[in-house]
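The values are calculated or read from the model by the stated rules, or taken from the named source; none is laboratory data. The model shown is predicted, which means the values in this text are computed figures rather than measured ones. A quick note on method: Cβ atoms are made from the backbone with ideal geometry, for glycine too, and the neighbour counts reach across all protein chains shown. Note: accessible area is taken over every heavy atom of the protein model, side chains too, but ligands, DNA and RNA are not part of it. Shrake-Rupley method; radii C 1.70, N 1.55, O 1.52, S 1.80 Å.
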Amino acid sequence: MGIEVLTRQYAQRSDEDLYGWVRPFDHELDADDSDRLKAFGSSSHGYPLFPLSRESIAALTRRELRQGTQLIFNPRAFINHVLRDVLVLRAEFVRGEFPPPGFKDAVMSTGAEIAVRAQPLSDTMRARLAPALVYWAGNPQDLTSAPRVSKDVFSAFQLAWPFDTNAPAVLIPPRQATPAAPERTRPTSPIEQEAPAAAPVTPQDESIEAWATGQLLTQRPANEVRKVIAQALNERLDWNSLRMRRQPIQAGHIWLPFASVGNPTAEPRFLVGQEVRPLALNVRAGVPALCRWAANGRNWNYPRAEDDYAVAQMLLDGLEMQAMQWFPQIACQRAQAALRTLHRQALLLRMTRKAEPDEPALVDYFRPLDASPIAPDKDDRSPEAPILQIAVDAANALDDVRDVLLDSVACFQGPGSTALAVDRVRLQNAWNAKDDESQDSALLAQSDKARQIARDLGSSRLKNFVSRYTSLLDKRLPTIQRILGPVPEISLVAPIKELLGEAKRAGTLARVEYSPTAVDRALGFLASDAGRSVLRRASSFSAPDSARSAEFQLAACTDIELASLRTATEALETLETLVTNIQRAADSQLKVSGGGDVADALNALRANLTALAGEGDPVESR
């Protein structure tokens with residue numbers, strides 16, 4: 001049609017003709033194409049409805065604008081979800097693929113689905129027939145009764161005709177003539193209701209007029225205006241397009257120019273307009289328009305509502321743009337904070353060994369703990385206690401940090417709270433970002449546990465944490481390496497038990513002060529899988545390179561579980577003390593002993609002690 005033609009038609013319009021100045025596009029078509037176009041019907045002004053039809057418009061309107069049992073008059077939702085969602089699929093129509101499978105979640109009636117499945121059609125054709133039947137054909141209960149759609153509609157969409165060949169054909173709706181001078185009409189609601197005689201009067205009218213002419217907007221009317229704007233903005237935002245969980249905009253998020261009190265000082269903060277005089281047109285006219293909409297039951301059905309609607313949408317456009325920028329931005333920042341914290345939690349709790357992966361190891365982060373860390377006693381003053389407590393806090397905060405991450409990178413639909421998928425683009429962008437970490441704990445402030453663990457494992461504290469962990473390893477590991485030597489697989493349990501038996505037979509054990517309970521506990525731990533594992537890891541441990549990242553050093557340190565390491569070193573020290581005391585008692589007893597039997601028993605005991613001390617062959621090895 002072109003800009004020049006539209007400009008000429010607009011110049012030739014009659015003053016009272018508000019809607020009918022654009023003339024229907026007339027192009028010569030062959031007979032078949034003309035029949036297909038007519039099959040979709042036309043508007044009261046003669047504009048072809050293709051690719052929509054009266055049936056499809058009604059069906060899509062019922063789907064998109066229904067709230068409970070009523071249809072709500074919402075022009076923007078109608079434009080976006082009824083008109084635009086169809087028109088943006090032009091490329092699919094050109095390729096012969098409109099409507100695409102799954103369009104608007106169409107589900108055929110049982111009778112229609114059974115009939116379609118019985119026909120020799122491809123899976124793709126059956127999937128495309130579903131939205132065509134549901135929206136363009138009136139969602140028939142079966143395919144034997146008279147169709148409510150012309151066969152030419154299916155032909156235009158390159159769809160198989162699924163109805164029974166004996167079903168009566170539908171008449172093509174005639175094209176209506178264009179009225180010469182259509183009367184100006186008000187917007188009408190899809191639900192029939194009588195329009196008010198005049199535009200609604202709002203409690204804020206007087207205050208807004210004074211505000212627009214130079215006065216400050218006082219607290220009460222300002223709060224009422226904020227509530228109205230927040231309500232309208234909540235209805236306006238399309239969270240499905242963001243694939244994010246729905247987050248309500250509150251009145252406290254709305255910033256008004258020249259308002260005496262109540263404006264937000266922290267984010268989120270959505271500016272209605274700049275604080276300059278005179279107020280911008282969209283603010284000056286848009287705010288009272290929204291107040292009239294709210295006073296009319298959140299409905300645009302009143303005289304001259306079309307003017308209010310237009311200027312209100314101008315105001316909401318700017319606010320929507322701010323919100324659509326802020327929410328994804330804060331979600332990305334929260335995802336960064338949650339990912340950093342969750343990665344460090346997983347390293348500390350040995351859920352992952354990938355210290356510096358190219359992408360986050362979500363499978364590791366969300367798998368259950370093999371074993372919960374052991375909390376230190378309240379009176380534990382050992383250097384391990386603070387580290388063990390942070391590990392316990394990290395385990396307790398796992399679910400909270402996971403929830404923050406999912407809220408930030410998962411995809412949601414409608415008002416639901418179930419994560420349907422993970423947005424890999426948002427996830428990877430958050431992982432690759434190198435933003436300042438100083439605000440991580442604040443970004444996770446919706447959970448006390450998440451905020452605290454983000455603080456404890458933040459970059460500055462993490463370095464100190466790793467340093468303390470390394471110092472403890474430097475203190476504990478030499479004990480294990482000194483007692484076990486280079487062969488950690490040697491079992492001390494059987495030799496110690498044999499030594500105790502020989503010492504008892506020789507009468508030496510009675511001269512030694514020791515705790516049988518402590519010795520049994522030490523032997524039990526060293527014989528356990530956890531004991532053998534920590535001894536193997538301790539014997540082969542090498543300190544991480546201090547030039548590497550704190551995460552790399554943390555992964556290296558936590559390869560040895562600290563509580564098990566402490567138990568292992570204490571067990572070895574207990575047994576070492578016992579062996580030393582037995583050896584001293586045996587030496588003393590041998591000097592004063594008499595008789596061959598006692599001497600033989602003591603000599604056998606000394607041979608065992610020598611083997612344990614590493615001066616001879618071990619008694620038993622694994």
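Tabulated values for the structure
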{"read-out": "Dipole magnitude (debye, nearest 20) for the chain, charges at Cβ of Lys, Arg, Asp, Glu", "value": "440"}
{"read-out": "Entries in Lys378/Lys463; Lys378/Lys504; Lys434/Lys475; Lys449/Lys475 that, when Cα-Cα distance is taken, lie over 27 Å", "value": "Lys378/Lys504; Lys434/Lys475; Lys449/Lys475"}
{"read-out": "Cα-based convex hull, the stretch 27-77, per residue volume (Å³, whole number)", "value": "95"}
{"read-out": "Charge dipole of the chain about the Cα centre (unit charges at C-beta), most positive-ward option of Gln345, Thr61, Gln158", "value": "Gln345"}
{"read-out": "For the stretch 47-98 versus the stretch 490-507, the gap between their alpha-carbon centres in whole angstrom", "value": "87"}
{"read-out": "Anisotropy class of the stretch 1-109 from Cα gyration tensor, a/c 1.5 cut", "value": "oblate"}
{"read-out": "Assigned charges on the beta-carbon of Lys, Arg, Asp, Glu; the stretch 517-586 dipole about Cα centre (debye)", "value": "140"}
{"read-out": "Protection proxy ranking of 29-38, 69-78 - average other beta-carbon atoms within 10 Å, highest first", "value": "69-78, 29-38"}
{"read-out": "Under 10 Å, Cβ to Cβ, from Ala294 - net charge with Lys/Arg +1 and Asp/Glu -1", "value": "+2"}
{"read-out": "Accessible-area composition of the chain, carbon plus sulfur, in percent [1.4 Å probe]", "value": "51"}
{"read-out": "Cα principal axis extents for the stretch 361-515, largest first, Å", "value": "81, 33, 31"}
{"read-out": "Computed helical MRE - 222 nm, the chain, DSSP H runs ≥ 4 contributing -39500 (n - 2.57), nearest 500", "value": "-16000 deg cm²/dmol"}
{"read-out": "Cross-link partners of Lys38 among lysines (Cα-Cα below 28 Å; sequence separation of 8 or more within a chain)", "value": "Lys104, Lys151"}
{"read-out": "The chain - convex hull of alpha carbons, volume per residue in Å³", "value": "256"}
{"read-out": "Extreme residue, positive dipole direction of the chain, given options Ser467, Pro100, Val149 (C-beta unit charges)", "value": "Ser467"}
{"read-out": "Heavy-atom accessible area per residue - the chain, 1.4 Å, Å²", "value": "53"}
{"read-out": "Percent RCO, i.e. relative contact order, over the chain, from Cα pairs under 8 Å lying at least 6 residues apart", "value": "10"}
{"read-out": "Sequence-separation-based contact order of the stretch 1-117, relative, with Cα cut under 8 Å and 6+ spacing, percent", "value": "12"}
{"read-out": "Separation of alpha-carbon centers, the stretch 103-135 and the stretch 226-289, rounded to whole Å", "value": "44"}
